[in-house]
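Take a look at the structure below.
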Amino acid sequence: MSATAAAPAIPEPDLAPVDAILAGYPQTETSLVQVLQDVNRTFNYLPCHALEKVAASLGVPLARVFSVATFYKAFSIKPRGKVIIRICTGTACHIRGAPLLVDEFVRHLGIRAGETTPDMGFTLETVNCVGACAMAPVVIAGPRHHGGLSPADVPDVIQGKSDDD
Amino acid sequence: MTTSLPARFGVPQELEARCARLKAEREGKRLTILVCCGTGCLANGSAKVADAFARELHARGIDADVGLAFKRTGCHGFCQRGPLVVMMPDETFYQRVKPKDVPKIVEQTVVGGKVIATLLYKDPNSKQRITRYHEIPFYQKQTRVAMRNIGLVDPRDLRDSLARGAYLAVAKALGAMTPEQVIAEVDQSGLRGRGGAGFSTGRKWRSARAAPGERKFVICNGDEGDPGAFKDRSILEGDPHSVIEGMIIGAYAVGAHEGFVYVREEYPLAVENLGHALCDARAAGLLGRNILGTGFDFDVQISRGGGAFVCGESSALMKSIAGMVGEPRAKYIHATDRGLFDLPSVLNNVESWSDVPVIIEKGAAWFAAMGTAKSKGTKAFSLVGKVKNTGLVETPMGITLRELIFDIGGGILNDRPFKAVQTGGPSGGCVPAHLLDLPIDYEKLTEAGSMMGSGGMIVMDDRTCMVDVARYFTRFLWDESCGKCTPCREGLSQLQIVHDRICRGLGREEDLPLMERLGAVMETAALCALGKSANFPVKSTLQYFRDEYVAHVRDKRCPAGICKDLTIYRIIDEQCNGCGACLRVCPSKAITGKPKQLHALDQGLCISCGACFDVCTPMNAIAFDPRPHAAAVPPAAPGAAPARRNS
């Protein structure tokens, strides 16, 4: 795959939580997606050695683990930033200006969708509908939903401000 | 919130008695305050409103008032006006409530019994302030079946659902009906799959019951990947017990003892509330071994999706539950014979499951009395896009698009002209203005070149470019295609290249028939429903809005002013009053000017986003023209389709 404005190499994290996650599921292939969900949530991405551990524990070939890890959009095999900005590009958001928001985030953060800022501060992602269509266009920055945004609101979202602050 | 669970119900009669008692208890309340805590209202800050209520009621020492109840509920549907607060039994409806309004509400309404006019909903058309929930036009025409409890119950409190009669249908089905009778009732109700395909639920159950094998499954499809649809999310978040109840009845009917709910990863609150509801139901003896002492065993697990649209397709979804990559398979083998783990499985949509208990309780005839000849009952829609009242709506089948968009939806945003409504998700189509009086049911939408899908209704005005919409869906499906079969994988790539070319002003007239030919091949040869219908957005826009395509390819003009490479904006000097509205919304600082003086637009800085045009509604002092020399736009990079995400 193409070399992007890649995140700097960060050391592999401590994998102890992976054992704890694996202990909570039956050790079969059926658990694979659910285990990867938890690993992805714990580390914000899927560390390579964690995938090896999961493969060995569930008795699934590493290639198949990798195939699942790259098939589903929820998973990232690259480390992601502290704040993940997810721009909803569902239909309702699209026609209410989501593409303009994408352009503005790209301009302000200096990264494209799918990339992480060099300081590991932000990861920019687009998602195909978060189901909050009535408040389109929607951006989720970290845990927070922002609705009804216009391009001029983008700097505030990046700085973590919202209406009720 | 503390929840003291009801003790385990040993027999159906215990449940019935408890439901009646809880109902009477709740009806005896002087006042119940409902604060909407659905995803929409939460985003607007309803958690802080709910906290403020809790604090204020506590501070005034009335939180323990026996005549008062305070609840955090699921979505009331009218997300646009959130945060919403409803006071029962008077149905006083407050909208856009801020935490600072709460002391006033407690003082004047809760204690003083007076209505605060400024917090009431003001009908944009009649300019009247409306006090009660059901008098608001958005709610007036609705009939809520699948969404019957949402907004009225606290999804984290089983007792609340029981007071609304939850699980009474389980008591009836398991206690007094044979599985065959349950299937016959569902069959006669005319219920068809609410995920969009519209297959008869009764027939599906009958096949699964007849399929040989001891081990069978019932599955709830909560993958709701259609962009623009969010009814399933609201049901799972706001009333998970209705879904669980439907699944118990379905499992009993087909002879299954294991169930799965597949929920999208993007719906964390749904996963949380459903998980909570499952624990409560288990503790009350409504799930697990020997349900209600009837000897029937059944339990449900949650399976979280990984964010793949194709997993809404039944065979892909079952693979995903099994921990595999969600690739569909050919459908000559039915899931009712060989589904999950190659065993007989019944898969229904969240809304279908939620409809089932009502059908069992009120009877098939009651349900079948609503709707049209072939589409019975009610249907939930998410009404979104360029419409004044966005939100979730449930009406009997057969309501016309006009009633839905203009009566319930209140018309088009900023009173612009209506252009189309997109229904059925990415596999649906765009229905144009001359079909506004179409009654909505499965057949009529299909005849119009669209489909029911999961009930997304995305309203479009004259500022929506139909070529851009078709390009959007093509890109969406290209991104979500699993890539297994060639017609879908390559067909979508090619359709996307052609659309990109047209939107950049490099289209050719022969591109139009080319897209039609490509689409025909995909429709015939693709493996699953995603691929077979992937050309529908292109097909329907070419059918109804061909003139827009022609304007793009022949005149290099985007009639809606959306395609940036074909559009430039300018200020009409005579009409500008220097109000500064455009200047404030311009993200690229291309507009300058002093207050009350003529503003100027710097073409060098302008990014053609059109934000200025959309705010200059009173003066109409911004106009757009075709970009000169549009053909000079450099061609897209080789392999014009953008790179797939590589993480």
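The values are calculated or read from the model by the stated rules, or taken from the named source; none is laboratory data. Remember, predicted model here, so these are calculated numbers, not experimental data. Quick reminder, even Gly has a Cβ in these numbers, built from the backbone with ideal geometry, and neighbours come from all protein chains shown.
Going residue by residue through region A:101-117, is there one that turns out to be free of Cβ contacts under 8 Å to residues at least 60 places away in the same chain, within 7 Å of chain B (Cβ to nearest Cβ) and of a type in the set (Lys, Arg)?
No, there is no match, as no residue in region A:101-117 is free of Cβ contacts under 8 Å to residues at least 60 places away in the same chain, within 7 Å of chain B (Cβ to nearest Cβ) and of a type in the set (Lys, Arg).
For the condition among the hydrophobic types (A, V, I, L, M, F, W, C), outside any strand (DSSP E or B) and within 17 Å of residue B:429 (Cβ to Cβ), what is the one hit in B:550, B:538, B:521? Outline the logic, then answer.
Values: B:550 fails: within 17 Å of residue B:429 (Cβ to Cβ); B:521 fails: within 17 Å of residue B:429 (Cβ to Cβ).
Step by step, each of B:550, B:538, B:521 is checked, and only B:538 is among the hydrophobic types (A, V, I, L, M, F, W, C), outside any strand (DSSP E or B) and within 17 Å of residue B:429 (Cβ to Cβ).
Which residue is surrounded by the fewest Cβ atoms within 10 Å (Cβ to Cβ), if the candidates are limited to region B:408-435 and must be assigned to a helix (DSSP H, G or I) and free of Cβ contacts under 8 Å to residues at least 60 places away in the same chain?
That would be B:434.
Out of B:498, B:469, B:459, which single residue is within 14 Å of chain A (Cβ to nearest Cβ), under 23 Å from residue B:551 (Cα atoms) and in a helix (DSSP H, G or I)?
On the way: B:498 fails: within 14 Å of chain A (Cβ to nearest Cβ); B:459 fails: in a helix (DSSP H, G or I).
Only one candidate qualifies: B:469.
Working only within region A:26-75, note down all residues that are over 21 Å from residue B:271 (Cα atoms), among the polar types (S, T, N, Q), within 8 Å of another protein chain (Cβ to nearest Cβ) and in contact (Cβ under 8 Å) with a residue 24 or more places away in the chain.
A:28
Residue by residue, here is whether (1) buried (at least 19 other Cβ atoms within 10 Å of the Cβ); (2) within 25 Å of residue B:155 (Cβ to Cβ) holds:
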position	(1), (2)
B:173	yes, yes
B:209	yes, no
B:213	no, no
B:218	yes, yes
B:230	yes, yes
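Exactly one of these conditions fails for residue B:100: (1) surrounded by fewer than 20 Cβ atoms within 10 Å (Cβ to Cβ); (2) touching a strand residue (DSSP E or B) at 6+ places or on another chain (Cβ under 9 Å); (3) under 29 Å from residue B:59 (Cα atoms); (4) charged (D, E, K, R). Give me its number.
Failed condition: (2).
Please find, within region B:358-385, the residue that is farthest from residue B:398 (Cα to Cα) out of those that are within 14 Å of another protein chain (Cβ to nearest Cβ) and among the hydrophobic types (A, V, I, L, M, F, W, C).
Quick first cut of region B:358-385, residues within 14 Å of another protein chain (Cβ to nearest Cβ) only: B:380-385.
So of that shortlist, the ones also among the hydrophobic types (A, V, I, L, M, F, W, C) come out as B:380-381, B:383-384.
Values: B:380: 12, B:381: 13, B:383: 16, B:384: 19 Å.
Here the residue is B:384.
Looking at this structure, is residue B:242 farther than 21 Å from residue B:344 by Cα and of a type in the set (Ser, Thr, Tyr)?
Working: farther than 21 Å from residue B:344 by Cα: yes; of a type in the set (Ser, Thr, Tyr): yes.
So residue B:242 passes the test.
Hey, does region A:80-90 have a residue that's surrounded by fewer than 19 Cβ atoms within 10 Å (Cβ to Cβ), within 10 Å of chain B (Cβ to nearest Cβ) and more than 21 Å from residue B:464 (Cα to Cα)?
Checking region A:80-90: not a single residue is surrounded by fewer than 19 Cβ atoms within 10 Å (Cβ to Cβ), within 10 Å of chain B (Cβ to nearest Cβ) and more than 21 Å from residue B:464 (Cα to Cα).
All but one of (1) closer than 18 Å to residue B:453 by Cβ; (2) in a strand (DSSP E or B) hold for residue B:405; which doesn't?
The one condition residue B:405 does not meet is (2).
In region B:571-589, which residues are among the polar types (S, T, N, Q) and not in a loop (DSSP other than H, G, I, E, B)?
Within region B:571-589, the first condition is being among the polar types (S, T, N, Q), and the residues that meet it are B:575, B:577, B:588.
Of everything in region B:571-589, just one residue is among the polar types (S, T, N, Q) and not in a loop (DSSP other than H, G, I, E, B), namely B:575.
From B:271, B:300, B:310, which residue is under 29 Å from residue A:75 (Cα atoms), within 28 Å of the chain's Cα centre (by Cα), of a type in the set (A, V, I, L, M) and more than 14 Å from chain A (Cβ to nearest Cβ)? Step through it out loud before you land on a result.
Working: B:271 fails: more than 14 Å from chain A (Cβ to nearest Cβ); B:310 fails: more than 14 Å from chain A (Cβ to nearest Cβ).
Sole residue among the options that is under 29 Å from residue A:75 (Cα atoms), within 28 Å of the chain's Cα centre (by Cα), of a type in the set (A, V, I, L, M) and more than 14 Å from chain A (Cβ to nearest Cβ): B:300.
Of B:20, B:50, B:24, B:54, which residue is at pLDDT 90 or above, touching a strand residue (DSSP E or B) at 6+ places or on another chain (Cβ under 9 Å) and away from chain A (no Cβ under 14 Å)?
Details: B:20 fails: touching a strand residue (DSSP E or B) at 6+ places or on another chain (Cβ under 9 Å); B:50 fails: away from chain A (no Cβ under 14 Å); B:24 fails: touching a strand residue (DSSP E or B) at 6+ places or on another chain (Cβ under 9 Å).
Matching residue, one of B:20, B:50, B:24, B:54: B:54.
Could you list, in sequence order, all residues of region A:111-153 that are within 19 Å of residue B:264 (Cα to Cα) and hydroxyl-bearing (Ser, Thr, Tyr)?
A:126
Please work out which one of (1) farther than 21 Å from residue B:255 by Cα; (2) of a type in the set (A, V, I, L, M); (3) out of contact with any Gly (no Cβ under 7 Å at 6 or more places or on another chain) is the condition residue B:368 fails and give its number.
If we test residue B:368 against (1) farther than 21 Å from residue B:255 by Cα; (2) of a type in the set (A, V, I, L, M); (3) out of contact with any Gly (no Cβ under 7 Å at 6 or more places or on another chain), just (3) comes out false.
Name, by its number, the condition in (1) within 29 Å of residue B:375 (Cα to Cα); (2) touching a residue at least 40 places away in the same chain (Cβ under 8 Å); (3) touching a strand residue (DSSP E or B) at 6+ places or on another chain (Cβ under 7 Å) that does not hold for residue B:438.
(2)
So residue B:66 clears everything in (1) within 26 Å of the chain's Cα centre (by Cα); (2) more than 14 Å from chain A (Cβ to nearest Cβ) except one condition, right? Which one?
(1)
Confirm whether residue B:10 is farther than 30 Å from residue B:295 by Cα, modelled with pLDDT under 90 and surrounded by fewer than 23 Cβ atoms within 10 Å (Cβ to Cβ). Write out each step before concluding.
On the way: farther than 30 Å from residue B:295 by Cα: no; modelled with pLDDT under 90: yes; surrounded by fewer than 23 Cβ atoms within 10 Å (Cβ to Cβ): yes.
Here the answer is no, as residue B:10 does not meet what is asked.
Within the group A:46, A:32, which residue is closer than 21 Å to residue B:308 by Cα and in a loop (DSSP other than H, G, I, E, B)?
Answer to the check: A:46.
Pairs please, first residue from region A:128-154 and facing another protein chain (nearest Cβ under 7 Å), second anywhere and among the acidic types (Asp, Glu) and assigned to a loop (DSSP other than H, G, I, E, B), Cβ atoms under 8 Å, 6+ apart in sequence or on different chains.
Listed pairs, sorted by first residue: A:129/B:226; A:129/B:266; A:130/B:266; A:131/B:224; A:131/B:266.
Mind telling me which of the residues B:251, B:197, B:256, B:229 ends up being of a type in the set (A, V, I, L, M), assigned to a helix (DSSP H, G or I) and in contact (Cβ under 8 Å) with a residue 40 or more places away in the chain? Quick ask: steps written out before the conclusion?
Details: B:197 fails: assigned to a helix (DSSP H, G or I); B:256 fails: assigned to a helix (DSSP H, G or I); B:229 fails: assigned to a helix (DSSP H, G or I).
Selected residue: B:251, the only one of B:251, B:197, B:256, B:229 that is of a type in the set (A, V, I, L, M), assigned to a helix (DSSP H, G or I) and in contact (Cβ under 8 Å) with a residue 40 or more places away in the chain.
In the list B:313, B:245, which residue meets the criterion of being at pLDDT 95 or above, among the acidic types (Asp, Glu) and at negative phi? Spell out the reasoning first.
Values: B:313 fails: at pLDDT 95 or above.
Criteria check complete, one pass: B:245.
Take the residues in region A:65-112 that are in a loop (DSSP other than H, G, I, E, B) and of a type in the set (D, E, K, R), then tell me which one is nearest to residue B:468 (Cα to Cα).
Within region A:65-112, the subset in a loop (DSSP other than H, G, I, E, B) is A:72-82, A:89-90, A:96-97, A:110-112.
If we keep only those that are of a type in the set (D, E, K, R) as well, we get A:73, A:78, A:80, A:82, A:96, A:112.
Numbers: A:73: 24, A:78: 32, A:80: 31, A:82: 34, A:96: 13, A:112: 21 Å.
Among those that are in a loop (DSSP other than H, G, I, E, B) and of a type in the set (D, E, K, R), it is A:96.
Just give me the residues in region B:209-223 being under 29 Å from the mean Cα position of the chain (by Cα) and farther than 16 Å from residue B:246 by Cα, in sequence order. Spell out the reasoning first.
Quick first cut of region B:209-223, residues under 29 Å from the mean Cα position of the chain (by Cα) only: B:217-223.
Result: B:223, single match.
Taking only pairs six or more apart or across chains, which ones have beta-carbon atoms under 6 Å, a first residue in region B:340-363 that is under 17 Å from residue B:375 (Cα atoms), and a second residue that is in a strand (DSSP E or B)?
B:349/B:221; B:351/B:380; B:353/B:220
Return yes or no: is residue B:397 surrounded by fewer than 23 Cβ atoms within 10 Å (Cβ to Cβ), touching a strand residue (DSSP E or B) at 6+ places or on another chain (Cβ under 6 Å) and under 25 Å from residue B:236 (Cβ atoms)? So that I can check it myself, show each step before the final result.
Numbers: surrounded by fewer than 23 Cβ atoms within 10 Å (Cβ to Cβ): yes; touching a strand residue (DSSP E or B) at 6+ places or on another chain (Cβ under 6 Å): yes; under 25 Å from residue B:236 (Cβ atoms): yes.
Yes; evaluated as a whole, the condition is true for this residue.
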